[in-house]
1. Can you name the number of the only condition in (1) more than 19 Å from the chain's Cα centre (by Cα); (2) part of a loop (DSSP other than H, G, I, E, B); (3) not assigned by TED's automatic domain parsing to the domain that holds B:Glu97 that B:Ala210 fails?
2. Looking only at the range A:135-153, count every residue that is over 22 Å from the mean Cα position of the chain (by Cα) and over 29 Å from A:Ala109 (Cβ atoms) and tell me the total.
3. Would you please name the residue that is nearest to the other protein chains (Cβ to nearest Cβ), looking only at residues in the range A:193-207 that are touching a Leu at 6+ places or on another chain (Cβ under 7 Å) and assigned to a helix (DSSP H, G or I)?
4. Restricting attention to the range A:92-118, report how many residues are within 14 Å of chain B (Cβ to nearest Cβ) and buried (at least 24 other Cβ atoms within 10 Å of the Cβ).
5. Of B:Thr285, B:Thr292, which residue is at pLDDT below 95 and of a type in the set (Val, Ile, Thr)?
6. Looking only at the range B:251-270, which residues are more than 17 Å from the chain's Cα centre (by Cα) and either more than 13 Å from B:Gln173 (Cβ to Cβ) or not in a loop (DSSP other than H, G, I, E, B) (or both)?
7. Among (1) farther than 21 Å from A:Ser231 by Cβ; (2) touching a residue at least 60 places away in the same chain (Cβ under 8 Å); (3) assigned by TED's automatic domain parsing to the domain that holds A:Arg53, where does A:Ala74 come up short?
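The values are calculated or read from the model by the stated rules, or taken from the named source; none is laboratory data. These figures come from a predicted structure and were not determined experimentally. Cβ placement follows ideal geometry from the backbone for every residue including glycine, while neighbour counts extend to all protein chains displayed.
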There are 2 protein chains.
Amino acid sequence: MGEFELLARIRERLPPAVPRVRVGMGDDAAVTVPGGATATSVDAIVDGVHFRRDRCTPAQVGHKALATALSDLAAMGAEAGEAYVVLGVPHGMSEEECIELLDGIVTLAERTGTALAGGDVTRAPALTVAMTVVGHAASAEEFVTRAGARPGDALVLTGELGAAAAGLLLLEQPELASAVSAETAERLRERQLEPNPRLGAGRALARAGATAMIDLSDGLGADAGHVAAESKVGLRIDGAAVPLANGVAEIAKAAGLDPLTMAAGGGEDYELLAAMPPERLPAATAMETTLTTVGEVVEGAGVEVRRPGGPALEPSGFDQLR
Amino acid sequence: MGEFELLARIRERLPPAVPRVRVGMGDDAAVTVPGGATATSVDAIVDGVHFRRDRCTPAQVGHKALATALSDLAAMGAEAGEAYVVLGVPHGMSEEECIELLDGIVTLAERTGTALAGGDVTRAPALTVAMTVVGHAASAEEFVTRAGARPGDALVLTGELGAAAAGLLLLEQPELASAVSAETAERLRERQLEPNPRLGAGRALARAGATAMIDLSDGLGADAGHVAAESKVGLRIDGAAVPLANGVAEIAKAAGLDPLTMAAGGGEDYELLAAMPPERLPAATAMETTLTTVGEVVEGAGVEVRRPGGPALEPSGFDQLR
């Protein structure tokens, strides 16, 4: 199979172009008319680093590549717009597997209103999917960066933490599954393999007046640290307030880990952490998930995760190349 | 070295942000205010597929990654805008090499007026550089696609062909260098390792009224085939009119190859092939390189490369995953 043939098969599978995209896949470049302001993010996942081909389907790889990229747009409060994919294909990966992977991308793209507008296919020693996503807003000021948190702001969190880390443990140590019901185990694995970008929640938080926002890819501690550094403030997080996903405590216990440490350090939950003035909290509605106040923004620097009856949690993420 | 540290070092080395980029590298996404229309292209190069680390410097890898991506913008007639880089770093590649690679990107970015606005760093089994580039125009109609060539248009080519293929031969078979002067050999190797995106020529051709345009990455035959297919026309190319770079004939002869076949099939010259009404040709001025009429657009389909006293050239490129 040649690059051109695969790209032609990809083009056949795409839904009709949206009005903003004037020229889609198949020319030297895609042509779009953005309107207001754009938020652009790039993200890559590599077999053996971010996923393992032997533990998931090609569709799940495609899903995860787009989902983790779109999560960055969610953290800006952006409306999803276009996606561009670079597919690095190893020897031995079939055309059918490539198409399955693409279907994983297209399914999530359609669900989130994202247009797959361009792509490149190359040989690579390991399956690699690099995604570029472009999101939109009427003006640059509508986007929420990491830099606007102010002392006195409340820290809020969407959804629940720890499911992706517990799911990874279940994939690595299947025997841990006996600690939870089969249904719960399956849901935890899904949260690891098919993360869900919080695009609706991100827009709702931006509209409500979030001053800073980030998606939790590296873990609560590490990602909160980015907000603290960029906003030049301190963040105080109440560990007891951090909601853990169902089954996380049981899996952590079975693995001999502290549940909060696992949930806050494991990353990959792709929930959103936002700062906003407490009086704006009631405006943060119409979201697809729960919203929990987990702490506050203070003068100073750094992140402190306090918890009842224990030492402060070391807010370290996975600070390595991954 | 962690990802965050490398990204921080990258940020330090960036030139000051341009007005269009409101939020640059370091947040969840870059924020830009595009104005009119955008052209977006993604392109990846992989060690062992598009280059070999043992044959070039890290800076040349960075240069080539950005140059080949910008070449797609040149082929749209776009003004270069922003670039986003995904760097896949293999074990054993040092932080200094990463920074050298980045410097290769930044040097070409500054020369071409491109803002490096975002990036991601990950582990990978082989050095991989995926670039996303965004170019601009006042309106979508100003961009030149592959689809607008009309029967009666002239086919014009920037610069000269064959240098990149000859340079690759010289890298693979250093003994061929005796066929040309040391200076010529060095220039041919440079055309392979440090291609030059024809951004100025692309804009000039677009302003002059080019109806279709493509950059020659896969080779004259294959790329002309894309224009023919998308424009639903035939292209007739006069092989004798195709200008070959200095030294190409000698290297081809020393390697036992036909010079035109090598020049038209080898690709990677990143010159531009454009169609335009013959009466518009005088308007195509103010370019950084020569412009040669090499053929014409006719009714029909496909590409015919005619040459004096020989059979028609098979217009095949490198139609495989590379």
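1. (1)
2. Kept after step one, since they are over 22 Å from the mean Cα position of the chain (by Cα), are these residues of the range A:135-153: A:138-139, A:141, A:150-153.
If we keep only those that are over 29 Å from A:Ala109 (Cβ atoms) too, we end up with A:150-153.
Going through the range A:135-153 one residue at a time, the tally reaches 4.
3. Residues of the range A:193-207 touching a Leu at 6+ places or on another chain (Cβ under 7 Å): A:197-199, A:201-202, A:205.
Those still in the list that are assigned to a helix (DSSP H, G or I) too: A:199, A:201-202, A:205.
Working: A:Leu199: 13, A:Ala201: 14, A:Gly202: 10, A:Leu205: 13 Å.
The qualifying residue nearest to the other protein chains (Cβ to nearest Cβ) is A:Gly202.
4. So the first thing to find is which residues in the range A:92-118 are within 14 Å of chain B (Cβ to nearest Cβ), and the list is A:92-95, A:97-98, A:105, A:114-118.
From what is left, the residues that are buried (at least 24 other Cβ atoms within 10 Å of the Cβ) are A:105, A:114-118.
Residues flagged as within 14 Å of chain B (Cβ to nearest Cβ) and buried (at least 24 other Cβ atoms within 10 Å of the Cβ) within the range A:92-118 amount to 6.
5. Working: B:Thr292 fails: at pLDDT below 95.
So the residue among B:Thr285, B:Thr292 that is at pLDDT below 95 and of a type in the set (Val, Ile, Thr) is B:Thr285.
6. Initial filter on the range B:251-270 (more than 17 Å from the chain's Cα centre (by Cα)): B:251-262.
Within the range B:251-270, B:Ile251, B:Ala252, B:Lys253, B:Ala254, B:Asp258, B:Pro259, B:Leu260, B:Thr261, B:Met262 qualify.
7. (1)
The rows are residues; the columns are (1) farther than 30 Å from A:Ala177 by Cα; (2) surrounded by fewer than 23 Cβ atoms within 10 Å (Cβ to Cβ); (3) touching a Lys or Arg at 6+ places or on another chain (Cβ under 9 Å).
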site	(1), (2), (3)
A:Ile214	yes, no, yes
A:Ala224	yes, no, no
A:Gly239	no, yes, yes
A:Pro243	no, yes, no
A:Asn246	no, yes, yes
A:Ala252	no, no, no
A:Pro259	no, yes, yes
A:Glu279	yes, yes, no
A:Thr289	no, yes, yes
